[in-house]
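Structure record follows, encoded as structure tokens.
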Amino acid sequence: MDRNKKNFQLIETNYETGFTFNGKSTDSHITTLLTKMLDKKTFEFKKPDRSAIVKNNNTAKTVLIFPESIFNGNLDLRFLENICNILNANGIKVLINSKNSQYDSFLNENVSKIFLNLDDTYRIVSSCNAVFGVRSGFFDCIQGYTHFGIDLYIVYNNYCFPSYNRMKNFKSFFKNAYSLNFCNKNRLHEYFYIKQSTADAYNIANTIIENIGRN
């Protein structure tokens with residue numbers, strides 16, 4: 001592509017400052033930049049079709065976990081194990097989306113490991129009570145399901161992809177530029193400054209349990 005062309009449009013990530021649009025730094029949201037790049041007036045986000053929701057009516061309470069992200073790193077193993085144990089102890093099944101064998105020691109009759117393609121992701125998410133995990137593009141794709149009673153619990157990792165360690169405003173960059181603008185905010189739970197400690201695991205797991213109990 002010729003960057004000198006008059007109508008050239010390009011979104012890039014600068015690993016020290018955040019986004020650039022056509023070579024200039026910007027703090028605009030990603031959807032705003034996509035709208036500009038595609039010469040659109042507005043960005044359209046379509047909610048999932050209500051008929052596609054296959055909620056299980058709490059007959060088997062289930063939490064889907066995304067423990068990995070290419071750019072944000074993975075959830076701490078002990079932290080994740082504590083989450084699984086607490087959920088299990090309260091009668092909640094867990095699905096871990098990963099091919100990684102490091103989670104095999106967590107598996108039991110109530111904890112399963114799966115690996116979803118995009119189509120399966122929507123089908124499985126629609127049958128779960130909540131989705132928990134480290135911030136990744138999956139949450140952008142499934143945010144519409146918050147309008148149909150599914151809660152999202154998102155951890156913004158404290159040890160991230162090495163290139164982002166140089167970005168002083170990493171968390172504010174993600175919070176502003178990648179915020180989930182099209183979800184039901186009452187069902188969005190974001191954790192920006194946690195150490196993934198045992199106490200954090202109990203706090204998050206108990207919040208998930210309490211909210212499932214209210215639904």
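Here are the numbers:
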quantity: Sole exception among (1) at pLDDT 75 or above; (2) in a loop (DSSP other than H, G, I, E, B); (3) more than 28 Å from residue 172 (Cβ to Cβ) for residue 81, by number; calculated: (2)
quantity: Enumerated helices (runs of 4 or more DSSP H) restricted to the range 126-215, each holding at least 3 residues that are in contact (Cβ under 8 Å) with a residue 12 or more places away in the chain and closer than 21 Å to residue 44 by Cα; calculated: 137-142, 170-177
quantity: Number of the condition not met by residue 120 [criteria: (1) surrounded by fewer than 18 Cβ atoms within 10 Å (Cβ to Cβ); (2) part of a loop (DSSP other than H, G, I, E, B)]; calculated: (2)
quantity: Looking only at the range 131-148, and only at residues there that are of a type in the set (Gly, Ala, Ser) and modelled with pLDDT of 90 or more, the one that is surrounded by the most Cβ atoms within 10 Å (Cβ to Cβ); calculated: 133
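Condition check ((1) modelled with pLDDT under 90; (2) surrounded by 15 or more Cβ atoms within 10 Å (Cβ to Cβ); (3) part of a loop (DSSP other than H, G, I, E, B); (4) assigned by TED's automatic domain parsing to the domain that holds residue 180) across all residues:
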{"residue": "4", "(1), (2), (3), (4)": "yes, no, yes, no"}
{"residue": "8", "(1), (2), (3), (4)": "yes, no, yes, no"}
{"residue": "19", "(1), (2), (3), (4)": "yes, yes, no, no"}
{"residue": "32", "(1), (2), (3), (4)": "no, yes, no, no"}
{"residue": "54", "(1), (2), (3), (4)": "yes, no, yes, yes"}
{"residue": "58", "(1), (2), (3), (4)": "yes, no, yes, yes"}
{"residue": "65", "(1), (2), (3), (4)": "no, yes, no, yes"}
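The values are calculated or read from the model by the stated rules, or taken from the named source; none is laboratory data. Since this is a predicted model, take the numbers as computed values, not measurements. Virtual Cβ from ideal backbone geometry, glycine too; neighbours counted across all protein chains shown.
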